[in-house]
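Below is one structure; the comments refer to it alone.
The values are calculated or read from the model by the stated rules, or taken from the named source; none is laboratory data. Keep in mind it's a predicted model, so treat the numbers as computed, not measured. Glycine gets a Cβ as well: all are built from the backbone with ideal geometry, and neighbour counts include every protein chain shown.
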Amino acid sequence: MDNVWVAEAFGFSAILFNIVGYRSNNMRSYLILSGGAMLCLSAHFFMLDAMAAGIGCGLAAIRNAVTLAVRGTWVLVLFISLSIGFFIYEWVILQHGYIILLAYTSSFIFTAGSILFTDVALMRRWFIFAESIGLVYALAVGSIFGSVFNTVNLCSIAIKMWQQRQHK
């Protein structure tokens, strides 16, 4: 029981990082804040035995750190390959259920978006889709703050997109 509260505390911390990150107009700031959120969320999901999301978020934190210094196709290929490798391991060796498809699909979108996109507005449009998939996964595995995390992120992205439209 105590472990669940510690896990949810990590989830709450991730929310705080990401609220600030998604409101950033600078891709570098977004990657730093999002990386902190992903570290917290990775710990959160591993503590809830939701391995697919723990791996995806852990890789996201590492990916964000790498893309602060280097961008390119090889970085995308590396992180997509790592995600595919972990997916195959979970699917074939550990025989985890279909639900992991949601976590890995969301992870693939975030990976491609964080590496390929330099336009924050375009990134936000794709990340709405990925956050929605993440929300379904978090609800399915019973993650309270994972669900709140995705919901807050969806609202934060939508509000920022609305504000940008008002300034045009």
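Below are the figures for this structure:
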| item | result |
| --- | --- |
| Filtered residue count, the stretch 118-145, keeping only those that are of a type in the set (D, E) and over 12 Å from the mean Cα position of the chain (by Cα) | 1 |
| Where F145 falls short, out of the listed (1) surrounded by fewer than 16 Cβ atoms within 10 Å (Cβ to Cβ); (2) modelled with pLDDT under 90 | (1) |
| Every residue from the stretch 48-78 that is farther than 19 Å from H96 by Cα, surrounded by fewer than 18 Cβ atoms within 10 Å (Cβ to Cβ) and not small (G, A, S) | I62, V66, L68, V70, R71, T73, W74, L76, V77, L78 |
| Which listed residue is polar (S, T, N, Q), under 20 Å from S106 (Cβ atoms) and out of contact with any Pro (no Cβ under 8 Å at 6 or more places or on another chain), from N26, N18 | N18 |
| Condition met for I19 (at pLDDT below 90 and surrounded by 14 or more Cβ atoms within 10 Å (Cβ to Cβ)) | yes |
| Which numbered condition S81 fails, given (1) of a type outside the set (F, W, Y); (2) farther than 21 Å from G146 by Cβ; (3) surrounded by 21 or more Cβ atoms within 10 Å (Cβ to Cβ) | (3) |
